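Chemist: So that we are looking at the same thing, I have put the structure below in structure tokens.
A short reminder: the numbers here are calculations on the coordinates, not readings from a lab. A quick note: this is a predicted structure, and the numbers were derived from the prediction, not measured. Virtual Cβ from ideal backbone geometry, glycine too; neighbours counted across all protein chains shown.
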Amino acid sequence: MSSSVGLRNLERWVTPLDVARAWLMSAALRVPLLGDRLRRRDERVPFLLTLHSLAAFVLAVLCPSLLLVVGPIVLGVAHLASDVRYLVVRQRLAKSYVHVVWFGCAALFALRGGLGALYRPTVVQQAELGLFGLWLLSSAVMGLRGTNAGRHARARASVVVLLTAALALLAATRTATVYLALAHVHNLVALGLWLWLFRQRLRSVWLPLTLVLGCSAWLLSGHLTSTTLRHGVVSLFGLHVLGAADTLAPNLSAAHAVGLTCAYAFLQSVHYAVWLVLIPQDQTRTQGTLTFKMSLRSFFGDFGNVAALAVLGLILTVLAAGVIAPLATQRAYLSLAFFHGYLELAIAAFLWVRGSAASAEGTGTRPALAASSVFGNNAGA
């Protein structure tokens, strides 16, 4: 069966989803206040972020293990693909730097997959951070080559070099602390990249961003820990919130450790929403959204048939493994997928040194796909 035939079969399988989607959207548009928010992208995207943040906050307080385990299993691979799609495939990166990107991803993935079972975690973390430092330096140098090497570009490259040196010094003395800090901070990096590269109107998103930061601060304060431990589901799929806190927030008091863990679960969920909902929505050319068929065609157009089918196969594989052994699957995924945090920071450094402005719609290497109506034509593109 050729890949084009496979794509047509996939389109037939998602037809029921488009039918259900059209019905739900039609019903939603008839609700006075809701319909007004959904018709225009500039209002819809902040509204969706607000709804997602509120739901994720409630789950982070009452059932953080659900977000920590189910989120990576269900959305992890898809969000990695979106990460690569919008940061690499659709960005105008120099071909030589794209080779650096693929080498960096492969080296970090192989390092975690190969050395992880042979050496102590600290050794693997030091090796990862060393590779990441080299990647950052390469990003600064190659970003500088992509400009006229003006004074501002050289200053930005110098900042990246200094930050890399500071990171190397800290990593040599406090490896576990730096590694853990990167794990927490990377959830916020997606928000920054969205605002910088993909969001054209910042004024309309100040309210949901304030909500995200406010919810994070409230969780971090530890004031909701008693609510989580007394009234929430503290253990699910074999992951107890206190066990997660031992990994994500060691050496902190119980209240602040659980608070930091719940904040991580909340921000991880927001991180997934940024890559899977907000950025794709902001990259459409019109005010409408895409049908499932249109999204599928766009996905295959960006990655090519073989890579797209491989990603879909990996999504199904992780889902199947998650049904059988959810906690083991979550841990394996998080271990092997950690490279994408380095990817986001390295490409951000490259684009900043190069002096890239916000990535307007359709400015990537492939044009963004236009929606056919306010919520797409159910028949497809």
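Chemist: What residue among GLN125, GLY150, THR291 has its Cα farthest toward the positive end of the dipole of region 3-354, where the charges are +1 on Lys, Arg and -1 on Asp, Glu, each on the Cβ?
Modeler: GLY150
Chemist: Using the Cα centre as the reference, give the magnitude of the dipole from point charges on the C-beta atoms of region 153-286 (Lys, Arg: +1; Asp, Glu: -1; all else neutral), rounded to the nearest 20 debye.
Modeler: 480 debye
Chemist: With +1 on the Cβ of every Lys and Arg and -1 on the Cβ of every Asp and Glu, and nothing else charged, how large is the dipole of region 63-204 about its Cα centre, in debye rounded to the nearest 20? Could the numbers behind the result be given before it?
Modeler: Numbers: 14 positive and 2 negative charges, 127 e Å.
Result for region 63-204 is approximately 620 debye, rounded to the nearest 20.
Chemist: For the pair GLN200/ALA328, report the inter-label distance in nm, with labels modelled 7 Å from Cα in the Cβ direction.
Modeler: Calculated label separation equals 4.9 nm.
Chemist: Continuing with the same structure: With point charges of +1 on the Cβ of Lys and Arg and -1 on the Cβ of Asp and Glu, referenced to the Cα centre of the chain, which listed residue (PHE338, LEU7, ALA172) lies farthest in the positive direction of the dipole?
Modeler: Sorting the options by dipole projection puts first LEU7.
Chemist: What does the convex hull of the Cα atoms come to per residue for the chain, in Å³?
Modeler: In the chain, the Cα hull volume divided by residue count equals 152 Å³.
Chemist: When the Cα atoms of region 213-308 are enclosed in a convex hull and the volume is divided per residue, what value in Å³ results?
Modeler: Spread over its residues, the Cα hull of region 213-308 gives 165 Å³ apiece.
Chemist: Enumerate the calculated ³J(HN,Hα) couplings along region 58-63 in order (Karplus 6.51 cos²θ - 1.76 cosθ + 1.60, θ = phi - 60°), each rounded to whole Hz, writing x wherever the residue is Gly or Pro.
Modeler: Taking θ as phi minus 60°, the curve returns 4, 5, 5, 7, 9, 7 Hz for region 58-63.
Chemist: Nearest 500 deg cm²/dmol is fine: what mean residue ellipticity at 222 nm does the chain get from its DSSP H runs of n ≥ 4 alone, each adding -39,500 (n - 2.57), divided by its residue count?
Modeler: Computed mean residue ellipticity for the chain: -24500 deg cm²/dmol.
Chemist: Moving on. For region 77-201, what is the Kirkwood hydrodynamic radius in Å, using each pair of distinct C-alpha atoms?
Modeler: On the way: mean 1/r = 0.0618 Å⁻¹.
Mean inverse Cα-Cα distance, inverted, gives 16.2 Å.
Chemist: Modelling each spin label as a point 7 Å along the Cα-to-Cβ direction, I'd like the HIS231/THR317 distance in nm, to one decimal.
Modeler: 4.3 nm
Chemist: Could you give the Stokes-Einstein D for region 1-136 in µm² per second, using the C-alpha Kirkwood radius, 10 °C, 1.306 mPa s?
Modeler: Answer from the Stokes-Einstein relation: 81 µm²/s.
Chemist: Under a point-charge model restricted to the Cβ atoms of Lys and Arg (+1) and Asp and Glu (-1), what is the dipole moment magnitude of region 3-354 relative to its Cα centre, in debye to the nearest 20?
Modeler: 980 debye
Chemist: Can you give me the pair-distance distribution of region 70-114, C-alpha pairs, 5 Å bins, whole percents?
Modeler: Pairs per bin, as whole percents: 5, 19, 19, 24, 19, 9, 3, 0.
Chemist: Under a crude label model (7 Å from the Cα following the beta-carbon direction), how far is ALA183 from LEU33 in nanometres?
Modeler: It is 4.0 nm.
Chemist: Provide SER335, SER269, SER139 in ascending order of the number of other Cβ atoms located within 10 Å of each residue's Cβ, fewest first.
Modeler: Result, fewest neighbours first: SER335, SER269, SER139.
Chemist: List the relative contact order of region 233-329 as a percent without decimals, with contacts defined as Cα pairs under 8 Å and 6+ residues apart.
Modeler: For region 233-329, the relative contact order is 21 percent.
Chemist: How high is the relative contact order of the chain, in percent, counting Cα pairs under 8 Å that sit 6 or more residues apart? Don't skip to the end; give the middle numbers.
Modeler: Values: 452 pairs, mean separation 135.3, N = 381.
It comes to 36 percent, rounded to a whole number.
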